[in-house]
Amino acid sequence: MKLAEKRWGGYVDTDHERALLRGEALLHTDYNPANVLITGSMAYLIDWAWPTRGAAWIDPACLVVRLIAAGNTPAEG
């Protein structure tokens, strides 16, 4: 499993910024619409091709990017 600071460390400039990616949370990181299976009142994350260990804030941030790309706005949240 990749570590978040290794996976995205090249996109930041300082060790302090890399440290913000560190954590112990299991992250899915690929909120492609095909990877969220909704059945009835349940939602499942499938296709764990990019499991990552890192800061817990990363998965919600990845989801926000997908929601905005789908046409939602922060004001709709």
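The values are calculated or read from the model by the stated rules, or taken from the named source; none is laboratory data. This structure is a prediction, so every number in the text was calculated from the model and none was measured. In this analysis, Cβ positions are derived from the backbone assuming ideal geometry, glycine residues included, and neighbour counts consider all displayed protein chains. The area values use the complete protein model at the heavy-atom level, side chains included, leaving out ligands, DNA and RNA. Shrake-Rupley method; radii C 1.70, N 1.55, O 1.52, S 1.80 Å.
Here are a few things to note about the model shown:
- Taking all protein chains together and rolling a 1.4 Å probe, Arg22 ends up with roughly 120 Å² accessible.
- Entry note, the chain: relative contact order of 36 percent, from Cα contacts under 8 Å with a spacing of 6+ residues.
- Accessible surface of the chain, 1.4 Å probe, proportion on carbon and sulfur as whole %: 61 percent
- Compared with the direct C-alpha span, the chain from Trp48 to Asp15 gains 9.1 nm at full extension, assuming 0.36 nm per residue.
- Shape category assigned to the chain from the gyration tensor of Cα positions, a/c cut at 1.5: oblate
- Filtered GluC sites (Glu not before Pro), the chain: DSSP coil and at most 13 other beta carbons within 10 Å: Glu24
- Rounded to the nearest 20, the Cβ-based charge dipole of the chain about its Cα centre (Lys and Arg +1, Asp and Glu -1) stands at 160 debye.
- Taking the longest Cα principal axis of the chain as reference, the axis of helix 58-69 is set at about 50 degrees.
- By the helix-only formula, in which each DSSP H run with n ≥ 4 contributes -39500 (n - 2.57) and the sum is divided by residues, the chain has a 222 nm mean residue ellipticity of -8000 deg cm²/dmol.
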